[in-house]
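Peer 1: Dumping the structure here so I can ask a few things about it.
Readers should treat all values here as calculations from the given coordinates under stated rules, not as data from a laboratory. These numbers come from a predicted model, not from an experiment. Here the Cβ positions follow ideal geometry from the backbone for every residue, glycine too, while neighbour counts run over all protein chains shown.
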Amino acid sequence: MNQIEYEILTVFKENPESELSTFDIISKAFPSEAEKIKIEINNEYNNKSTTSEGRQSKGKIHRKVLYHLNRLVEDGILKLSREGTKGHKYFVLNIKPGEEVILEKRYKKILLKKPETAAIPLESYQKEGIVKQFEPATWVDRLNSILLQGWNFEDYNNLFKVISDSFQNINDVVGLDNFEMLLQKQNPEAFGAFIKKLCIECDDYGKKVNIIIDVTHLKKDKLPEIVEEMKIFEEVNPANIEMIFDVSAREFNQNYDLFEQVIDIFSRSKLKLNIKNRDVAETPYLIGKAGVYTFDEADWQLYKKFYKYKLKGIACAQASIAIDVYKYFQQRKSAKEFRDLLLKVAKTLLTVNSLQRMKSEEYFKNLMKLAEPMSKEFFMFSRNYIRLWNYGWKQPQSDPKMMFEMVKSIKEEIKTFCDSEETIYLSCGMPTRFKVAFGPAFREFDKNFSEMQFSRLQINGMDDFRSKEFKEILNAKEELFELFDGGDRIRFLRTGSINAEAIFNEIMTIMNSYKLAFICYDFGSVKGSDLKLTSFLK
Amino acid sequence: MEINEKTTFEAWKSAINAVMRDGREFIDTNSRQCKELVNLKVEVVAPEEDVTKPIDFLNESDKWVYPPTDEIENIVMTRRLAPAYNYSYGPTIFNFQGKVNQVDDFIIPLLKKDPVSRRAIISLWDPVAYCDINNKSVPGLISMHFRIVEERLNVTCIIRSNDMFFGWPANIYQAYVLQSYIAKKLNKEAGSITTISLSAHLFIDQEDDIRKVFERR
């Protein structure tokens, strides 16, 4: 057996259930080479030729490892599980759960074993495309999302390393709370370099990062600098990094100058402006590929009181399953069976949590290291997610009220189930946490969801706010925010002419008039800053 | 009160019947209505015959998900604290306060040297960690006593608070797993398991479920 193949297989031996990209494999199998290349490419103080050499080395090692990976695929030991964005390849062990294989070649021997995975009693629903796990290959051995605390990090390099390490243990998003503490401490050039590096890292790993700015802590004399720093988003236009402003209506109003400029920057770059309204929800919100994440409000208050300054980070979400509601009612129709299905989903999530608990030190090594010596508290606030796709909101010929009432009652049943399970585990001498939250699924959760049945919410200007239909939509959305305790988002596709003051007033109106915790102004469909309303017809 | 049965399942059933019949009613600190027998002793003479039968019975219901046996075993045999639990028995047994492996460095060598010793005690109650009036997350199983009688290793477990319906089946299995581990090292047969539940209780809201489980037999 070739030495490189041996190193590759050793990585899979240590991570038998994982789906690994070429990049992951190189980082684990050849850590010192990978680190050297990273330094050559990412160090802002390097000259151009060093950076270029780094890129060449990266290409060379990728090609070399990919060659051997392809040989292992040909030999049937590994399997190409998928191709991600930018042609990144992902590999898994090509053995069945519970199976054990010994490979012996030229005095080298390696034992590969794949443990049993969480049996999912939802096979028929999966086959019909009704039920979907988020990232099936990693849904047991990775968490969905975590939240890191900005003030715990001395500088961007330190933070970058932690994010990069944690990418190996999560499969969706890392949130950076109170990022403003770091932003105001470090020099502006360093922020630009950090964002550029982070962009590449997010693309390489296929993960997202959210930067959360608590406006309360922004110092007035730092605001011009901060606005300048935001311009990096125009330059880089990151697909996988989102900025979220955590702000009350009063603070939003008081910081007109800041937000006017932020709106300008984001609208020019066709990015999304995310506002978390602290008057409605104190807990942070995260945007992942699967959907929105947040914490339970009571848990968050506990965290703030006792753990905020002690923990570098906490787990937010463990595992997620989505239901394609439209597909379900197209194929099955029964509301009673739908209720039973959701309960089965909750039981499946419990089984996954059981595996995650037993192997937390193996699966989440980097996160446990980060959380030391309080690794127990790391999981104290996390939840599992049941996400709904095409569930009736803004869908013609559907009765959203009926769906709302049904999901509300199922939610209560599932809460009772979760509480009972915690009690059972406690009585067995295994006190643990099991919580399930509900939320909508994003399209990115699974590309095979049924076609979008709902229409997007477009807004052209203040006049829209006065329409009866618009008000009804927002009122309905308020109810959905109550229902989706795992977090929801209202996304406005801002079209028409872009005027920062007008948009500021629109956002102000939403924050003052509606109980919507998480607002997104999506400037993505804006073709130019002076397009007229009539250019956009539904 | 004392119960003595040959098999685990019969012992479980007898214990539950005893609590339901003779238990005094009271409301616990979580406002749940309970029936309780104080200092209930349950001896299972031959647990190896059917030690997982109560767990298998509980698994037949689709109203709940009972922890899998490998997870139940893990809790008592894993030496490192799995972070997702508020506490676990394994680290306390095998690495008490980071200083003492109560089994490999004490129980086993002690009983090898002195098979009739009465000192083979494992303590799971750590006063440093648990003597805090605000800390409710404390272990139920607080000590285990191992004795060799007629070449068989018997174990007695003290459980301060015992949900006899859901908790006892897991506790007896945990005791059995540890007993088997030690017995094998001592080259002895695993003997009886006795539990002394300082509060052996059932919840009134469990009564229907209890009846359904036993009706299936």
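Peer 1: Determine the calculated [θ] at 222 nm for chain A from helices alone, applying -39500 (n - 2.57) to every DSSP H run no shorter than 4 residues and normalising by the residue count; nearest 500 deg cm²/dmol.
Peer 2: So the helix-based figure for chain A works out to -14000 deg cm²/dmol.
Peer 1: A further question on this structure: Can you list the GluC sites (Glu not before Pro) in region A:417-513 that are in a DSSP coil and have 12 or fewer other beta carbons within 10 angstrom?
Peer 2: Counting only loop positions with at most 12 other Cβ atoms within 10 Å, the GluC sites (Glu not before Pro) in region A:417-513 are A:451.
Peer 1: Take every DSSP beta bridge with both residues inside the protein assembly as shown and express the antiparallel ones as a percent of the total, to the nearest 5.
Peer 2: So the antiparallel bridges in the protein assembly as shown amount to around 50 percent.
Peer 1: Using Cα-Cα distances under 8 Å and only pairs 6 or more residues apart, what relative contact order does chain A have, in percent?
Peer 2: 14 percent
Peer 1: Want the number for residue A:55 to residue A:223: 0.36 nm per residue separation, take away the alpha-carbon distance, what's left?
Peer 2: Answer, rounded to one decimal: 56.9 nm.
Peer 1: Next question. With a Förster radius of 51 Å, plug the Cβ-Cβ distance of residue A:48 and residue B:79 into 1/(1 + (r/R0)^6) and report the FRET value to the nearest 0.05.
Peer 2: 0.45
Peer 1: Now a separate question. Considering every residue in B:63-69, what mean count of other chain Cβ atoms within 10 Å of its Cβ is obtained?
Peer 2: Mean shielding count: 6.
Peer 1: Any lysines with Cα under 21 Å of the residue A:471 Cα? List them, leaving off those in the same chain fewer than 8 positions away.
Peer 2: A:276, A:394, A:401, A:515, A:538
Peer 1: Which loop GluC sites (Glu not before Pro) in region B:120-204, with loop taken from DSSP, have no more than 10 other Cβ atoms within 10 angstrom of their Cβ?
Peer 2: Within region B:120-204, the qualifying GluC sites (Glu not before Pro) (loop, at most 10 other Cβ atoms within 10 Å) are B:150.
Peer 1: Among the lysines, which fall within straight-line cross-link reach of residue A:344, defined as a Cα-Cα distance under 18 Å, with same-chain neighbours fewer than 8 residues apart omitted?
Peer 2: The reachable lysines, counting only those whose Cα sits under 18 Å from residue A:344, are A:127, A:132, A:327, A:333, A:336, A:408, A:411, A:415, A:435, B:63.
Peer 1: For a distance above 51 Å, tell me the whole-number percent of Cα pairs in the protein assembly as shown that qualify.
Peer 2: So the pairs more than 51 Å apart make up 21 percent of the total in the protein assembly as shown.
Peer 1: Cα centroid distance between region A:212-286 and region A:418-471, in Å?
Peer 2: 24 Å
Peer 1: Would you mind checking region A:256-285 for residues with the amide N under 12 Å from a putative spin-label position 7 Å along Cα→C-beta of residue A:234?
Peer 2: A:261-270
Peer 1: If you don't mind, another one. Principal axis lengths of region B:106-178 from Cα atoms, whole Å, largest first?
Peer 2: 42, 30, 15
Peer 1: Among A:48/A:196; A:28/A:64; A:305/A:477; B:136/B:212, which pairs are too far apart, with a Cα-Cα distance over 22 Å?
Peer 2: Listed pairs above 22 Å: A:305/A:477; B:136/B:212.
Peer 1: I'd like the distance separating the alpha-carbon centroids of region B:88-117 and region B:180-217, in whole Å.
Peer 2: With region B:88-117 and region B:180-217 each reduced to a Cα centre, they are spaced 23 Å.
Peer 1: Quick one: length gained pulling residue A:102 to residue A:282 fully straight, 0.36 nm per residue minus the C-alpha distance?
Peer 2: Working it through step by step, the gained length comes to 59.5 nm.
Peer 1: On alpha carbon coordinates alone, what is the Rg over Rh value for chain B, Rh being the Kirkwood radius?
Peer 2: In chain B, Rg relative to Rh is 0.96.
Peer 1: Starting from the Cα of residue A:509, move 7 Å in the Cα-to-Cβ direction to define the label point; list residues of region A:268-304 whose amide nitrogen is under 16 Å from there.
Peer 2: Within reach of a label on residue A:509: no residues.
Peer 1: Another question, if that's okay. Between region A:293-361 and region B:23-69, how far is it from one alpha carbon centroid to the other, in angstrom?
Peer 2: The distance from the Cα centre of region A:293-361 to that of region B:23-69 comes to 28 Å.
Peer 1: Given labels modelled 7 Å from the Cα in the Cβ direction, how far is it in nm from residue A:161 to residue A:189?
Peer 2: It works out to 2.2 nm between the two label points.
Peer 1: List B:34, A:316 from most exposed to least, where exposure is judged by having the fewest other Cβ atoms within 10 Å.
Peer 2: Lowest count first: B:34, A:316.
Peer 1: For the residue pair residue A:79 and residue A:66, what label-to-label distance in nm results when each label sits 7 Å from Cα along the Cα-to-beta-carbon direction?
Peer 2: The answer from the label model is 2.3 nm.
Peer 1: Give the calculated FRET efficiency between residue B:53 and residue A:216 to the nearest 0.05, with a Förster radius of 56 Å applied to their Cβ-Cβ distance.
Peer 2: Once the sixth-power term is evaluated, E becomes 0.40.
Peer 1: Loop-only check: which trypsin sites (Lys or Arg not before Pro) in region A:401-471 are DSSP coil with at most 12 other Cβ within 10 angstrom?
Peer 2: Here the trypsin sites (Lys or Arg not before Pro) that fit, given the DSSP loop and packing criteria, are A:447, A:456.
Peer 1: Could you name the lysines whose alpha carbon sits less than 18 Å from that of residue A:96, not counting residues in the same chain fewer than 8 places away?
Peer 2: List returned: A:13, A:79, A:113, A:114.
Peer 1: Just to be sure I follow the definition: excluding the sites themselves, where is the longest run in chain A that has none of the chymotrypsin sites (Phe, Trp or Tyr not before Pro) in a DSSP loop with at most 11 other Cβ atoms within 10 Å?
Peer 2: Segment A:310-538 is the longest.
Peer 1: With a Förster radius of 25 Å, plug the Cβ-Cβ distance of residue B:136 and residue A:420 into 1/(1 + (r/R0)^6) and report the FRET value to the nearest 0.05.
Peer 2: 0.85
Peer 1: Using 7 Å Cα-to-Cβ label points, what is the residue B:25/residue A:124 separation (nm, one decimal)?
Peer 2: 4.3 nm
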